[in-house]
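Peer 1: Structure incoming, see below.
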Amino acid sequence: MVRTILRTRGIGRRFAGVTALDGIEADVRAGEVLAIVGENGAGKSTLLKILSGVLAPSSGSIEEVDEHGHAHELRLRSVAEATQVGIALVHQELNLAEHLDLAGAILLGREHHRFGWLDLRSMHAEAARWLARVGLDLDPSTLCGSLPIAQRQLVEIAKALSANARILILDEPTSSLSARETDRLLAMLDELRRSGVAIVYVSHHLDEVLAIADRAIVLRDGRMAGTLERASMDRATIERLMVGRDLPPTTARPSLGAAPDRLVVDGVVTSHRRRRPASLVVKRGEIVGLAGLVGAGRTELLEAIAGLGHASGTIMLDGRALSGTMAQRVARGLAIVPEDRARHGLFTLDPVRTNVSMAWLPRGAHVGMVDHAGERDLVDGMITRLRLRPSDPARRVQTLSGGNQQKTVLGRWLAVEPSVLLLDEPTRGVDVGARHDIHEAIRAAATTGCAVLFASSDLEEVLLLADRILVMHDGAIAGELARESATEVAIMGLATGGALEAAR
Amino acid sequence: MRKHWGLLGIFLVVCIVTALYGKNFLTAYNLMNLVQRTALFSILALGVGFVIGTGGIDLSLGSVVCLVGIAVPWLLIEHGWSPWAVVPIVLAGSALIGLGHGLLITRLRLQPFLVTLCGLLLYRGIARWMTGDQSQGFQGEFAELRSIAVGRIPLPGLEAFRLPATTIPLIVLATVAAIFLTRTVWGRWLLATGSNESAARYSGIPTARLVTGAYVACSLLAGLGGMLFIFDVGSAQPSDFGNFYELYAIAAAVLGGCSLRGGSVSVVGIVLGTATLQVLRNSINLLGLGSQLEFAVIGAVLLAGVAADELVRRWHAARLERRGAG
Ligand SMILES: Nc1ncnc2c1ncn2[C@@H]1O[C@H](COP(=O)(O)OP(=O)(O)OP(=O)(O)O)[C@@H](O)[C@H]1O
Ligand SMILES: [Mg+2]
């Protein structure tokens, strides 16, 4: 039986003059998945933060509804209070304490103890149970900092589950997961729903929403653009409510013909674990997509090409060996948009302006002096080109929504007009409209001769953007698919290590 | 400048209180002394400011002051070397010390606190061993060389107050540092490295080189400072010369608004912070509080200053929040 357990009454939230949310009426029901969808900056994360006690609403209230249907106001002053009433949030940006081990991180604040001494054995046993639940086969004494981003995301989910929440709130939990882990997560959520847990779910992947949501609230510019019941939910309706505009068609890709090789990677082995060598070629103006499961070694390969971390093998750019530190490679025209934007991409306390101009600075400099006027023009231009919102270069990056943070990092590298552009999950947590903008910007860069190599766990994106698709498995390139012949099934076949010959 | 109002307020209050209740504060002699000490300590604080900007710390600079300050008269008088050799050699030596710190921190990935703590012990030990723990001095010689630090420049219109010569290197260094930090690519990158080192690395910024450079600058300025200090005082004991100078420098930088987490440095703040500390030391003396209290008072003021700064920041943030909510 489905019953409302939490209700918001005209919730609003303002930040220093910006209205992030206004008049939100949402019902959270036990045994139901409520999806919140909307463009970047629509206010989804803000709403979830209010529901979970991270932020206080500026107006309106939250009500808790008991079994008898009596509502009473719930004032959440902290996350701890929310946890007490059974609300758990999985944040959009990962924030596990890196120096803690998995058991410590999952049971943070709920450590087992006996007479004040930590009972590590029982903590590890419990942590192992929750890790297994999210499909992670990891030792609970592993350090969080050593995990790749997708696994950290799963650990965050395990942590929220372990709180035995009545209301589980997930902010883009799948943005760094590949198809297989996403499926597993959705199955798990379905199971939780059956057991009566209320789930609030945010994702930019509408197919996930369509697969699992019982109801969806569409937000636009902080307001309710509509509430959809399962029966009336379809992709077109949601998109129309969300965007309020039709997306322009994508630019056609020119045929490359006999374009010369730009980036040549030959027998690169990264120092992580035992890996097989990877070799690939990207031509001038070509966009190559790297698909594969989490842990297939895509990030490691991209970082090896960028000179971050140790690797053997040779890398050539325009026929000359590319070696040395990342700084030296950047001087030769290399650019990398990292996967983990909070950790590796952003100077969160600094404004958009300095974040965007960071890599461009030496190009605009006269005898080492920053060209302030040039910088202003560059950043203003980039904000318009990528449709960054709010379009204020002085805005601190910390206060931008996830998708706009992603645009900020991309803008930093588009600004230097690179000859090789490496992108790791280029549209992680980005809405359909912004994804379109980012894809167009990448295509435009390729048209000017840039060799683009991107890794993405989003098969739809790989099929949409890539001229050619390379599938990685266990550190090596397991197979290659032309854009015309590629399908999700063929990619998954190669990614799981099977059917290598069959696909050829 | 706006964020220095608080510090400027403290500075003025201490000045006014001392002028009203102390003896001889506003005499030309005392003011000249204050300017001299502020200039000398500011040079040290500017150096450590760079290191703090990268998110590091340098505890060894007091010992570098000692080693250099002792080595200069030792080489000139005991060994009879020419000043033309001694000055470049000690400066190069201090830069090398910084290079050592930088490489240990960036290549071996040792923690700055540890590396420079060892430096603190090491360089003082060397200075004491080298001289047999004997006091070193110029014995009345090299007056011309020493005039770089003890010289006083007459100012038009002022009779008794003449400007200490050390203000010239300070003004030059502070200007260069301010331009470097706010106008140059490397300055921007240095602060970026301090605010998020791995994002800086992923942006193609040569972080290791910048961090090393900051330690070189810090030790070099400590060496220069050490030389000026010894020129100023004439002779010194290896066992106590430069003691706690690193703490004065760090305290001044923190008072001046540099965050120990890295990423923000203010040259104006550093100089103002140093001036405040020096006036404070002076006023403890002139108000007859007893020099035993000196550290206690400085500690208390530093704590109060930092706490007040944090409170103002919170109040400001809360006000923004409220204005948003209204
Ligand atoms: N601390 C803050 N200070 C100022 N503005 C903020 C702050 N946090 C969020 N905002 C603004 O509120 C709006 C909503 O942001 P929110 O993060 O909720 O969007 P979102 O829907 O989660 O977007 P995304 O899909 O990109 O994650 C944005 O315009 C954002 O810039
Ligand atoms: Mg969000």
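Peer 1: Considering only residues that are more than 8 Å from chain B (Cβ to nearest Cβ) and at positive phi, which ones fall in segment A:337-379?
Peer 2: A:367
Peer 1: Another question, if that's okay. Determine, yes or no, whether residue A:442 is closer than 10 Å to residue A:287 by Cβ and of a type in the set (Val, Ile, Thr). Break it down stepwise before answering.
Peer 2: Values: closer than 10 Å to residue A:287 by Cβ: yes; of a type in the set (Val, Ile, Thr): yes.
Yes: the conditions hold for residue A:442.
Peer 1: Further question on the same structure: So which of B:112, B:88 ends up being at pLDDT 95 or above and crowded, with 20+ Cβ neighbours inside 10 Å? Before you say what the answer is, go through the steps one by one.
Peer 2: Details: B:88 fails: crowded, with 20+ Cβ neighbours inside 10 Å.
Sole residue among the options that is at pLDDT 95 or above and crowded, with 20+ Cβ neighbours inside 10 Å: B:112.
Peer 1: Among the listed residues A:317, A:334, identify the single one that is touching a residue at least 60 places away in the same chain (Cβ under 8 Å), away from every other protein chain (no Cβ under 11 Å) and among the aliphatic types (A, V, I, L, M).
Peer 2: Working: A:334 fails: away from every other protein chain (no Cβ under 11 Å).
So the residue among A:317, A:334 that is touching a residue at least 60 places away in the same chain (Cβ under 8 Å), away from every other protein chain (no Cβ under 11 Å) and among the aliphatic types (A, V, I, L, M) is A:317.
Peer 1: Moving on. Charged (D, E, K, R) and under 22 Å from the mean Cα position of the chain (by Cα), is that true of residue B:109?
Peer 2: Details: charged (D, E, K, R): yes; under 22 Å from the mean Cα position of the chain (by Cα): no.
No, not satisfied.
Peer 1: So the check is Cβ under 8 Å with 6+ separation or different chains; which pairs have a first residue in segment A:382-408 that's of a type in the set (Asp, Glu) and a second one that's outside any loop (DSSP other than H, G, I, E, B)?
Peer 2: Final answer for the pair search is A:392/A:352.
Residue-wise test of (1) part of a helix (DSSP H, G or I); (2) touching a Phe, Trp or Tyr at 6+ places or on another chain (Cβ under 9 Å); (3) open to solvent by less than 40 Å² (accessible area, probe 1.4 Å).
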| residue | (1), (2), (3) |
| --- | --- |
| B:10 | yes, no, no |
| B:15 | yes, yes, yes |
| B:32 | yes, yes, yes |
| B:36 | yes, no, yes |
| B:39 | yes, no, yes |
| B:48 | yes, no, yes |
| B:51 | yes, yes, yes |
| B:56 | no, yes, yes |
| B:74 | yes, no, no |
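Peer 1: While we're here: Restricting the search to segment A:257-285, which residues are open to solvent by less than 50 Å² (accessible area, probe 1.4 Å), in a loop (DSSP other than H, G, I, E, B) and touching an Asp or Glu at 6+ places or on another chain (Cβ under 8 Å)?
Peer 2: Within segment A:257-285, A:259, A:275 qualify.
Peer 1: Ok, one more. So which of A:185, A:256 ends up being touching a Pro at 6+ places or on another chain (Cβ under 8 Å) and either within 16 Å of ligand 2 (Cβ to nearest atom) or away from chain B (no Cβ under 14 Å) (or both)?
Peer 2: Details: A:256 fails: touching a Pro at 6+ places or on another chain (Cβ under 8 Å).
The unique qualifying residue is A:185.
Peer 1: Within the bounds of segment A:79-93, is there any residue that is within 14 Å of another protein chain (Cβ to nearest Cβ), within 16 Å of ligand 2 (Cβ to nearest atom) and part of a loop (DSSP other than H, G, I, E, B)?
Peer 2: Applying the first criterion (within 14 Å of another protein chain (Cβ to nearest Cβ)) to segment A:79-93 yields A:93.
Adding the requirement that they be within 16 Å of ligand 2 (Cβ to nearest atom) leaves A:93.
Right, trim to part of a loop (DSSP other than H, G, I, E, B) and you get A:93.
Yes, the conditions are met somewhere in segment A:79-93.
Peer 1: Somewhere in segment A:17-29, is a residue open to solvent by 20 Å² or more (accessible area, probe 1.4 Å), away from ligand 2 (no atom under 16 Å from the Cβ), in a loop (DSSP other than H, G, I, E, B) and within 14 Å of chain B (Cβ to nearest Cβ)?
Peer 2: Yes, some residue in segment A:17-29 is open to solvent by 20 Å² or more (accessible area, probe 1.4 Å), away from ligand 2 (no atom under 16 Å from the Cβ), in a loop (DSSP other than H, G, I, E, B) and within 14 Å of chain B (Cβ to nearest Cβ).
Peer 1: Shifting gears a bit: Restrict the check to segment A:41-57 and report whether at least one residue is open to solvent by 40 Å² or more (accessible area, probe 1.4 Å), closer than 30 Å to residue A:403 by Cβ and more than 16 Å from ligand 2 (Cβ to nearest atom). Walk me through how you get there before you give the answer.
Peer 2: Filtering segment A:41-57 down to residues open to solvent by 40 Å² or more (accessible area, probe 1.4 Å) leaves A:41, A:49, A:54, A:56-57.
Imposing the further condition that a residue be closer than 30 Å to residue A:403 by Cβ reduces the set to A:41, A:49, A:54, A:56-57.
Restricting the remaining residues to those that are more than 16 Å from ligand 2 (Cβ to nearest atom) gives A:56-57.
There is at least one residue in segment A:41-57 that is open to solvent by 40 Å² or more (accessible area, probe 1.4 Å), closer than 30 Å to residue A:403 by Cβ and more than 16 Å from ligand 2 (Cβ to nearest atom).
Peer 1: Continuing with this model, one more query. Using the structure shown, decide if residue A:156 is in contact with a Leu (Cβ under 7 Å, 6 or more places away or on another chain) and either under 21 Å from residue A:93 (Cβ atoms) or open to solvent by 10 Å² or more (accessible area, probe 1.4 Å) (or both). Spell out how you get there, then give the answer.
Peer 2: Values: in contact with a Leu (Cβ under 7 Å, 6 or more places away or on another chain): yes; either under 21 Å from residue A:93 (Cβ atoms) or open to solvent by 10 Å² or more (accessible area, probe 1.4 Å) (or both): yes.
Considered against the rule, which asks whether it is in contact with a Leu (Cβ under 7 Å, 6 or more places away or on another chain) and either under 21 Å from residue A:93 (Cβ atoms) or open to solvent by 10 Å² or more (accessible area, probe 1.4 Å) (or both), residue A:156 comes out as yes.
Peer 1: Which strands (runs of 3 or more DSSP E) does segment A:287-381 wholly contain that include 2 or more residues that are among the β-branched types (Val, Ile, Thr) and open to solvent by less than 10 Å² (accessible area, probe 1.4 Å)?
Peer 2: On the way: elements: A:287-292, A:311-317, A:334-337.
Where strands (runs of 3 or more DSSP E) fall fully within segment A:287-381 and carry at least 2 residues being among the β-branched types (Val, Ile, Thr) and open to solvent by less than 10 Å² (accessible area, probe 1.4 Å), they are A:287-292, A:334-337.
Peer 1: Could I ask something else about it? Among the residues of segment A:382-431, write down those that are hydroxyl-bearing (Ser, Thr, Tyr), within 14 Å of chain B (Cβ to nearest Cβ) and within 14 Å of ligand 2 (Cβ to nearest atom).
Peer 2: Step one: filter segment A:382-431 for residues hydroxyl-bearing (Ser, Thr, Tyr), giving A:384, A:391, A:399, A:401, A:408, A:419, A:427.
Retained after the next criterion (residues that are within 14 Å of chain B (Cβ to nearest Cβ)): A:399, A:408, A:419.
Passing the criteria: only A:399.
Peer 1: Same structure, new question: For residue A:38, are the conditions met, namely being more than 14 Å from every other protein chain (Cβ to nearest Cβ) and either within 16 Å of ligand 2 (Cβ to nearest atom) or within 25 Å of residue A:152 (Cα to Cα) (or both)? Reasoning before the result, please.
Peer 2: Details: more than 14 Å from every other protein chain (Cβ to nearest Cβ): yes; either within 16 Å of ligand 2 (Cβ to nearest atom) or within 25 Å of residue A:152 (Cα to Cα) (or both): yes.
Considered against the rule, which asks whether it is more than 14 Å from every other protein chain (Cβ to nearest Cβ) and either within 16 Å of ligand 2 (Cβ to nearest atom) or within 25 Å of residue A:152 (Cα to Cα) (or both), residue A:38 comes out as yes.
Peer 1: Among the strands (runs of 3 or more DSSP E) contained in segment A:181-230, which hold 1 or more residues that are surrounded by fewer than 22 Cβ atoms within 10 Å (Cβ to Cβ)? Give the derivation first.
Peer 2: Numbers: elements: A:198-202, A:215-220, A:223-229.
Counting at least 1 such residues, we get A:215-220, A:223-229.
The values are calculated or read from the model by the stated rules, or taken from the named source; none is laboratory data. The model shown is predicted, which means the values in this text are computed figures rather than measured ones. Positions of Cβ are backbone-derived with ideal geometry, glycine not excepted, and every protein chain shown enters the neighbour counts. To get the accessible areas, we keep the full protein, side chains included, count just its heavy atoms, and leave off ligands, DNA and RNA. Shrake-Rupley method; radii C 1.70, N 1.55, O 1.52, S 1.80 Å.
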